[in-house]
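What follows is a single structure, written as structure tokens, with notes after it.
The values are calculated or read from the model by the stated rules, or taken from the named source; none is laboratory data. Because the structure is a prediction, the values reported are computed rather than measured. Cβ sites come from the backbone with ideal geometry, for glycine too, and all protein chains shown count toward neighbours.
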Amino acid sequence: MSWYEPKTEKPKIPSEKDVWAVCPKCRSHFEKSAWRKNDFICPKCNYHGRLSARERIARMADAGTFVEVFRAVSYSDHLEFHDVSGAYRDKVEATIAKSGETESVVMGTCEIAGHRAMLGVMDFAFMGGSLGTGTGERIARACEQAIAERRPLVLFSASGGARMHEGILSLMQMAKTSAAIARLKEAGLPYISVLTDPTTGGVSASYAMLGDINIAEPKALVGFAGRRVIENTIHQKLPADFQSAEYLEKHGFVDRIVERRELKGFVAKMLEYFGF
């Protein structure tokens, strides 16, 4: 045995989750680099994966035109809510620190292929994209600013529903946002709603379905109550594609399914059609 043995380090082997992406719909495995390169779209089943608010804004707004508004408007913990997993305030503050966002929707003015617009994007990574008092206030204020500046509203929804940590005031945001959009329409301004995966609960039951045109990404889950809840209530088996974007388009709840790469151009055409 040699009196000197060089120190060797074990090679760092990346974990499976760092290398592979798994499609939530068809469960296909492919390299994460391919997943990102393909714009987070499954190359096998065409499921459109979730994007953060900032990733979505980068794809929709013309470079250098997005100006964020109402960032200071955030959550309210009027109930001082606690459950077995801890305090609501602690959970939100941890989410803010991790994500860099201060609410589940990011609002701002921008241009979309040269067309002036008010752009809002929900982020599912922020408390499940839940509709809280801050979310509703931002949307309501955005409608007011859109009316003042004569801008159409383009809003991307991605949500699990109302944020029940905030109690009845969270549910009140359904009426508040719907009323704000009604005022927007009374002012003669169009509202384009884009439904992404998932758009459910109180969001789907309010402003998400109130667009002058409702667009959805392929394979997006759009609905109110969950499949198991409905099946246990009506004691019937639902169709396999129930609550998918394709099912909703077939039954008239969605006007058009648009591929992610074509979305900006399609929205721009709609804005031009509406005269903006």
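General observations
- Among the residues listed as 55, 111, the single one being in a strand (DSSP E or B) and surrounded by fewer than 23 Cβ atoms within 10 Å (Cβ to Cβ): 111
- Residue in region 237-249 that is surrounded by fewer than 16 Cβ atoms within 10 Å (Cβ to Cβ), under 27 Å from residue 127 (Cα atoms) and hydrophobic (A, V, I, L, M, F, W, C) present: yes
- Selection within region 133-159 - under 18 Å from the mean Cα position of the chain (by Cα) and either charged (D, E, K, R) or modelled with pLDDT under 95 (or both): 137, 138
- Of the residues contained in region 157-169, one or more are found to be outside the structural domain of residue 24 (by TED's automatic domain parsing), crowded, with 24+ Cβ neighbours inside 10 Å, in contact with an Asp or Glu (Cβ under 9 Å, 6 or more places away or on another chain) and among the hydrophobic types (A, V, I, L, M, F, W, C).
- Being of a type in the set (A, V, I, L, M, F, W, C), surrounded by fewer than 19 Cβ atoms within 10 Å (Cβ to Cβ) and either free of Cβ contacts under 8 Å to residues at least 40 places away in the same chain or outside any loop (DSSP other than H, G, I, E, B) (or both) holds for only one residue in 276, 253, 266, and it is 266.
- Residue 129 surrounded by fewer than 24 Cβ atoms within 10 Å (Cβ to Cβ) and under 17 Å from the mean Cα position of the chain (by Cα): no
- Yes/no for residue 122 being touching a residue at least 40 places away in the same chain (Cβ under 8 Å) and closer than 28 Å to residue 273 by Cα: yes
- Every condition in (1) within 21 Å of the chain's Cα centre (by Cα); (2) crowded, with 19+ Cβ neighbours inside 10 Å holds for residue 227 except the one numbered (2).
- In region 220-265, the residues that are touching a Lys or Arg at 6+ places or on another chain (Cβ under 7 Å), of a type in the set (D, E, K, R) and modelled with pLDDT under 95: 231
- Top-ranked residue of region 181-199 - restricted to ones that are closer than 19 Å to residue 252 by Cβ and not hydrophobic (A, V, I, L, M, F, W, C), ranked as surrounded by the most Cβ atoms within 10 Å (Cβ to Cβ): 199
- If you check 123, 77 for being crowded, with 22+ Cβ neighbours inside 10 Å and of a type in the set (Asp, Glu), only one passes: 123.
- Filtered residue count, region 25-45, keeping only those that are within 17 Å of residue 196 (Cβ to Cβ), part of a loop (DSSP other than H, G, I, E, B) and not charged (D, E, K, R): 4
- Number of the condition not met by residue 159 [criteria: (1) closer than 30 Å to residue 44 by Cβ; (2) out of contact with any helix residue (DSSP H, G or I) (no Cβ under 6 Å at 6 or more places or on another chain); (3) polar (S, T, N, Q)]: (2)
- Within region 58-105, being in a loop (DSSP other than H, G, I, E, B), within 21 Å of the chain's Cα centre (by Cα) and touching a residue at least 40 places away in the same chain (Cβ under 8 Å) holds for 61, 62, 65, 66, 70, 73, 74, 75, 76, 101, 104.
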